[in-house]
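Reading through the structure tokens given below for one structure.
The values are calculated or read from the model by the stated rules, or taken from the named source; none is laboratory data. No experiment lies behind these values; they were computed from the predicted model shown. Here Cβ is always computed from backbone atoms with ideal geometry, including for glycine, and neighbour counts include all displayed protein chains. Remember, those area values only see protein heavy atoms, side chains included, never the ligands or the DNA or RNA. Shrake-Rupley method; radii C 1.70, N 1.55, O 1.52, S 1.80 Å.
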Amino acid sequence: MMIVYKLYKHHSMALFISFALSLTVIPVLWVMARYAPVYLWYSYLIAYIIELLVIAGLHFLRLAR
């Protein structure tokens with residue numbers, strides 16, 4: 001998704017996506033390791049889904065303006 005935003009010259013959104021992924025994976029990884037260590041590798045999937053929902057929400061809020 002970051003590449004698409006870069007191609008359409010939305011550099012601030014592309015920067016947000018790259019920054020948000022690093023801030024999302026680590027807390028989700030910590031929570032999964034603490035409460036469900038068996039599902040530790042799913043933390044990446046969960047982090048990507050959370051980030052996708054946030055990006056979609058921001059995109060639709062931007063279109064609503």
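Structural remarks
- Label-to-label distance for Ser12 and Leu45 is 3.5 nm, based on points extended 7 Å past Cα in the beta-carbon direction.
- Rolling a 1.4 Å probe across the protein heavy atoms gives the chain an accessible surface of 82 Å² per residue.
- Folded to 0 to 90 degrees: helix 42-64 orientation relative to the chain principal axis, Cα: 20
- Taking Cα atoms only, the orientation of helix 11-35 departs from the longest principal axis of the chain by about 10 degrees.
- Each principal axis of the Cα atoms in the chain has its own extent, and those three values, largest first, are 41, 21, 13 angstrom.
- Portion, in percent, of the accessible area of the chain that falls on carbon or sulfur, probe 1.4 Å: 76
- Mean separation of Cα contacts under 8 Å (6+ apart) over length of the chain, as relative contact order %: 26
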